[in-house]
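Have a look at the structure below, then the notes.
Bear in mind that the values in this text are calculations on the coordinates, not laboratory data. Computed from a predicted structure; not experimentally measured. Neighbour counts run over all protein chains shown; Cβ positions are idealised from the backbone, glycine included.
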Amino acid sequence: KAAAGEEAAHPRWVRINAIKSTLEEQLETTFRGYARAGTIQDVVAKEGKHILIDPHVPNLVAITPGCDLSKTEAYNSGKIILQDKASCFPAYLLDPRSEDGDVIDACAAPGNKTTHLAGIIRSHEPEFESQPQTIFAFEKDSRRAKTLEKMVKIAGSNKMTRIALGQDFLQVDPESERFRNVGALLLDPSCSGSGIVGRDSMPELHLPDPPQQNPRRESKSEPTNKRKRKYEEIRNSNQTVIRDDDGNEIVVESEKDLAARLNALAGFQLTILLHAFRFPSARKVTYSTCSIHSQENEHVVMAALNSDVAKERGWRILRRKDQVTGMKDWPVRGSTEACNGDEEVAQGCIRCYKDDGHGIMGFFVAGFVRDHANASEDG
Ligand code: SAM
């Protein structure tokens, strides 16, 4: 089936799950017969099936949009995962290593980033039969947590992942003995979803990856078509729909409402970030959204850096020069203006825009680090 509209300008992104396969194996099997492309534009526009090995994120490829992988053995056995390139940035930037200890994925369903974290841990320590590190995956919405459970299982990361179904991350005690060894946290909280491809001003369809890229959840099914029609009507009436923290849809009637809603989302996102800063052994945190609004992005980063808990505990931005190679090399950075003129913070922030020729969704990610865990126990 050919992709249409805005989606046609974007390739299909496929992450090779390092727990179950390798890039080489997939090139010889699932993608045998795909011609190598030199650029994203070639992948999208050339006749026939094309593939490009991504130069930034390891184990990621872009293929011709519309190629159906849902019936392949690799897809059905969890060897490959359909995941937008931008959605791969947070786990790659966090880069959990054995010395980081346990990892938390605070807002985990449906599990794209949880399974990516597991794949990265495995690629760093391939010889371990059972990994010494644990990933704690929290998900407040029990229904979505069931999907997370399924995804973690099919990706083969269930042995190293503890899923807390229906668990609100904000209710988790950072000082609990269970989390004593948590050195790294990935935060991907609910957001307005304004960067999602094919949704324009319809962030209400905010599921972590665009539905067209995930046939397991995707569909041509009746409900999705109905939803699409409903949002088309809303768009034509100049209204906007966004989600609240519980996943409920809210129709925003005006610019003023939208500003108020973004403000509320930013407050929630900052609370999540500051909660993560309180884990005593934490030394790395990533914060991401699929929003293009600075209110949910650079502004949240600045507020977090200026918070008492960040100052007391020594949290600072992960500078561009200290990032993993592919993220250091990524050209699109945060807005200096939105960072109050702080060029170092803006350069530390990673951005994507869905129409800038990279073939990915609108996204934002920033990393935070501190040199010494337990820099202050009483902050
Ligand atoms: N990281 C996921 C992935 O890549 O597949 C996508 C996460 S989605 C953007 C945000 C998720 O956070 C939603 O499933 C939402 O239910 C969950 N959430 C929101 N607030 C939460 C909280 N306080 N604690 C745990 N989960 C929360």
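Tally Lys/Arg at +1 and Asp/Glu at -1 over every other residue whose Cβ is under 13 Å from the Cβ of residue 274; what's the total?
Working: positive: 278, 311, 313; negative: 308, 312.
In short, +1.
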Taking 0.36 nm per residue of separation and subtracting the Cα-Cα distance, what length does fully extending residue 68 through residue 353 add?
100.1 nm
Each residue of the range 133-143 in order: what ³J(HN,Hα) in whole Hz does its phi give by Karplus 6.51 cos²θ - 1.76 cosθ + 1.60, θ = phi - 60°, with x for Gly and Pro?
9, 10, 9, 8, 10, 9, 8, 5, 8, 4, 5
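With the Cα gyration tensor of the range 319-363 giving a ≥ b ≥ c as the square roots of its eigenvalues, does the rule (a/c under 1.5 for rounded; else a/b larger than b/c for prolate; else oblate) give rounded, prolate or oblate?
Working: a/c = 3.10, a/b = 1.26, b/c = 2.46.
Verdict is oblate for the range 319-363.
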Restrict the search to the range 49-150; then list the GluC sites (Glu not before Pro) that DSSP places in a loop and that have at most 13 other Cβ atoms within 10 Å of their Cβ.
127, 129
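Work through the residues other than residue 333 whose Cβ is under 15 Å from its Cβ and net out their charges, Lys, Arg +1 and Asp, Glu -1.
On the way: positive: 319, 320, 321, 328, 351; negative: 298, 322, 329, 337, 342, 343, 344, 356.
For residues surrounding residue 333, the net value is -3.
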Backbone N under 17 Å from the residue 77 label point (7 Å along Cα→Cβ), restricted to the range 16-52:
16-32
For the range 80-197 the mean separation of alpha carbon contacts under 8 Å (6+ apart) over residue count, i.e. relative contact order in percent, is 34
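Chymotrypsin sites (Phe, Trp or Tyr not before Pro) within the range 1-85: which are DSSP loop residues with at most 10 other Cβ atoms inside 10 Å? The partial results should precede the final answer.
Values: sites: 13, 31, 34, 75; in loops: 31, 34.
Answer in residue order: no site qualifies.
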What distance in nm separates the two pseudo spin-label positions at residue 159 and residue 306, each 7 Å out from Cα along the beta-carbon direction?
4.8
Of the listed links 49/85; 284/328; 85/354; 49/150, those spanning more than 21 angstrom between alpha carbons are 49/150
Listed by chain and number, the residues whose amide H is under 5 Å from that of residue 185, excluding neighbours fewer than 5 places away on the same chain and using placed H, are 104, 284, 285, 286
Rounded to whole angstrom, the alpha-carbon centroid of the range 43-65 lies from that of the range 147-193 at a distance of 31
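For residue 173 and residue 41, FRET efficiency with R0 = 45 Å and r from the beta-carbon atoms, rounded to 0.05? Show your work: numbers first, answer last.
Working: r = 50 Å, r/R0 = 1.11.
Working from the Cβ atoms, E equals 0.35.
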